[in-house]
Structures are given as structure tokens and as C-alpha cells.
Amino acid sequence: MKALIDKLYETQSLDSREFCRLFTSRTEETDTYAKELACKVRKKNFGNDIYIRGLIEFTNYCKNDCYYCGIRKSNTKAQRYRLDKEDILDCCRAGYELGFRTFVLQGGEDGYFTEDRMTDIIRSVKEQYPDCAVTLSIGEKDFSTYQAYRNAGADRYLLRHETADEEHYATLHPPALSSGYRKECLRNLKKLGFQTGAGFMVGSPYQTTESLVKDFLFLKELNPEMVGIGPFIAHKDTPFGKEKNGTLSDTLFYLSILRLMLPRALLPATTALGTIHPRGRELGILAGANVVMPNLSPVSVRKKYLLYNDKICTGEEAAEGLANLKVRMDSIGCHVVTGRGDYKG
Ligand code: SAH
């Protein structure tokens, strides 16, 4: 099995049968080996630098009904909120002072934020913080809307593909949503010159080795600048409320495989990873990740953007969160840097 990991390290690719073999014959030893090589590749490309992104969760209204997600339309228990432009700019101001040079505006698919409102927000952030990158994570839009966001100055877009397997996709989403359209959105984002992020949940219900192989083949073909993966975590008020969570070791393994396959990709150690294990984010970095995304949302709304049970960092101020994170990163020999942290191809 080490031979397959070596091959991935040397050629950055495997075929579907090889991925399948790699995923089904894991041992502790091969997991460790993958991690060591992934760490080496991270260091070669990024040294000990860890990029930070200030995450602003600006609305939890959503028209979609994804079966796994805590802010799905049908969850009547979710307390809905949205931030206005001034609130968002306040978050950016606080973040800028702390050293953030990327702001990630994430939210549900909220009809209130029309193309006009969104482009106004993007322009305002870019005007006030011209040295910062703006990343959007607000779901599926048509080409012309993505284009308008881009023209307004947005630099990056995160849209996890969730699963590259159509049948699996249909078990996680209502019929109104399709894997085909999600992939088309990702291709449009790339065409428009966004640094584009795809990704999936590890251990989502009905995930199989075959679907994971498709995820990796899809990611190799798309060649995104960013890939976000984290464990699936049940949210009690969703149809998947009683499903099993994804595991730490699986998530770390797939992170390492991603680092070997896409050496320069920006890979976050996600909040979900930090939620399933107290040192999840540090372990994510040690498995090959090089980005963390601390929360810049006002503390008053943090607990309402609950995608899954027990989400971490819902009670702390941004400054506190960042200080805490810096200590954690220092403890593993890494350091948080101030800078946009763009993709370098
Ligand atoms: N509306 C935006 C943002 C979605 S939230 C969009 O459609 O892209 C960001 C990500 O959180 C999702 O893409 C999903 O992969 C993840 N997520 C949602 N529910 C989750 C859960 N229960 N466990 C783990 N991750 C989850």
C-alpha cells in the first residue's frame, strides 16, 4: 500500500482502481505514512505558514432543504437572522485590525440578498479593504450572477460539491438539487476566474468507497484552488439527526491524500474537524492542511448558525478565538501569517 502512496506523491494521480485499493486497505501504518508525506509536501509549498480566513456567517435563512444541514428550510427550530451591510463591515473592521486579509461571507441561500444587494456589499468591502480578498460561500447561482459578483470584486468562491456521485447526492438532497448543476456551478466559477473551492463531508450518510473514489477523480479533474473537507456531524433537528458522525481518522487520511494529489491547494482544517476532537484543527494541519477559518461573526448570532450539533467557538470574541488559535498553531511548530494567502499555481 505504501507503493500507492508513493505513486500518488510522485505523480499526483491515481486511477479509480488504485484509489479504491488505497481506501480499502488502510492500516495505521499506511495512514501514518500518508500523513508524513503530506506534511512534507505542505512544508515544501508553504513552510510553516498557516493562512487565516475570517469567516462571517451573515445569514442563516435558506431556501434549500439539504437533509444534513441544521439551517435547512424545514428546520422550524432554527432561529433565523441576517446581518446587514453595516454589520458585515463592522466584522471586517474588527478582523482587519486582528490581521485578517481574507473575509469569507458565508450564508444560506437567502433570497433577501439579491444580486444588487450582494454586489453592493462586495464593492463596499473591497473599497474599504482593497488589500483584502473577498470569498463568497452562498451557494448555487447562475453564470450571470457569479459574473456580477466577480465584476464587483469578489476573488474566491467556496461551493463544496458535497459528493461527486449522482446517486449519493440524491440521498443527501431533495430532488430540486442535483449533482450535475452543482458541478456546472463549479466549472462556471473556474471559468470566471474565481479561486474556487470544492469539497465534501467525510462519513456522510450512504457514502461508499465508490463515491469517495468519484470525489477524488472529480477533484483531480476540476483542479480547484481550495478543497474543504470535514466530518459529517449529525444535527438533531434534521432527517439525519440520528446518523453516525464521520470520524477523525478518516478525515485526516483524506486530507493527506488531498495534499498529495493537489500539492498547492489551500486546504482548511475545518471547524467540523475541530468539533469532533479537541485538537482536531492541529491534527488537520499535521495531516497536510494549511488554512484555518476563525469565526468573525458577532457573538450574538454565533449559536444560530448551527449547521450541526456542538459546533465549537460559538461563545468567543474574534480576538479571543484568534489568540487561542495562534497558541494552538505555535504548539505544533506552525505560525499564523497576516496576508491574503492566494493560491500560487
Ligand atoms: N449555502 C452555502 C454554504 C453551506 S454551509 C452552500 O450551499 O455552499 C457550508 C458547508 O457546511 C456545506 O457545504 C456542507 O458541506 C457543510 N455542512 C452542512 N451541514 C453539515 C453537517 N451536518 N455536518 C458537517 N458539515 C456540514
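Residues in region 107-166 that are acidic (Asp, Glu) and in contact with a helix residue (DSSP H, G or I) (Cβ under 6 Å, 6 or more places away or on another chain): Glu115, Glu140, Asp165, Glu166. Thr238: within 9 Å of the ligand (Cβ to nearest atom) and either modelled with pLDDT of 95 or more or not in a helix (DSSP H, G or I) (or both), yes or no? The answer is yes for Thr238.
Please work out which residue is farthest from Leu252 (Cα to Cα), limiting yourself to region 179-201 and to residues that are among the charged types (D, E, K, R) and within 15 Å of the ligand (Cβ to nearest atom). Per the criteria, the residue is Glu184.
One residue stands out in region 125-141 among those that are within 12 Å of the ligand (Cβ to nearest atom) and β-branched (Val, Ile, Thr): the one that is nearest to Arg53 (Cα to Cα), namely Thr135. Residues in region 287-301 include none that are under 14 Å from the mean Cα position of the chain (by Cα), within 15 Å of Met201 (Cα to Cα) and of a type outside the set (Lys, Arg).
Checked against (1) closer than 24 Å to Leu262 by Cα; (2) of a type in the set (A, V, I, L, M, F, W, C); (3) more than 15 Å from the chain's Cα centre (by Cα), Met201 passes all but a single condition, namely (3). Just so you know, in region 225-235 the residues that are within 11 Å of the ligand (Cβ to nearest atom) and part of a loop (DSSP other than H, G, I, E, B) include one that is surrounded by the fewest Cβ atoms within 10 Å (Cβ to Cβ), and it is Ala234.
Give region 299-320 a look and list any residue that's more than 16 Å from the ligand (Cβ to nearest atom) and buried (at least 19 other Cβ atoms within 10 Å of the Cβ), or say none. Selection gives Ala318 alone.
All of Gly95, Gly107, Gly54 fail the test of being of a type in the set (Gly, Ala, Ser), touching a residue at least 40 places away in the same chain (Cβ under 8 Å) and under 23 Å from Gly241 (Cβ atoms), apart from Gly107.
With respect to Thr171, determine if the residue is β-branched (Val, Ile, Thr), in contact (Cβ under 8 Å) with a residue 12 or more places away in the chain and over 26 Å from Gly321 (Cβ atoms). In short, yes. Residue count for region 241-267 satisfying the condition of being within 12 Å of the ligand (Cβ to nearest atom) and either within 28 Å of Gly47 (Cα to Cα) or of a type in the set (Val, Ile, Thr) (or both): 1.
Kindly indicate the residue of region 34-62 that is acidic (Asp, Glu) and more than 16 Å from the ligand (Cβ to nearest atom) and also surrounded by the fewest Cβ atoms within 10 Å (Cβ to Cβ) among those meeting that condition. Among those that are acidic (Asp, Glu) and more than 16 Å from the ligand (Cβ to nearest atom), it is Glu36. Scanning region 202-224 for residues that are within 16 Å of the ligand (Cβ to nearest atom) and either in a loop (DSSP other than H, G, I, E, B) or in contact with a Cys (Cβ under 6 Å, 6 or more places away or on another chain) (or both) yields a count of 6. Got at least one residue in region 270-277 being touching a Pro at 6+ places or on another chain (Cβ under 6 Å), crowded, with 16+ Cβ neighbours inside 10 Å and not β-branched (Val, Ile, Thr)? The answer is yes, given that some residue of region 270-277 is touching a Pro at 6+ places or on another chain (Cβ under 6 Å), crowded, with 16+ Cβ neighbours inside 10 Å and not β-branched (Val, Ile, Thr).
Taking first residues from region 187-207 that are under 22 Å from Gly241 (Cα atoms) and at pLDDT 95 or above and partners that are within 11 Å of the ligand (Cβ to nearest atom) and part of a helix (DSSP H, G or I), the Cβ contacts under 6 Å between residues at least 6 apart in sequence or on separate chains come to Val202/Thr251.
The values are calculated or read from the model by the stated rules, or taken from the named source; none is laboratory data. Keep in mind the model is a prediction, meaning the values are calculated, not measured. Methodologically, a virtual Cβ is constructed for each residue, glycine included, from the backbone with ideal geometry; neighbour enumeration extends over all protein chains shown.
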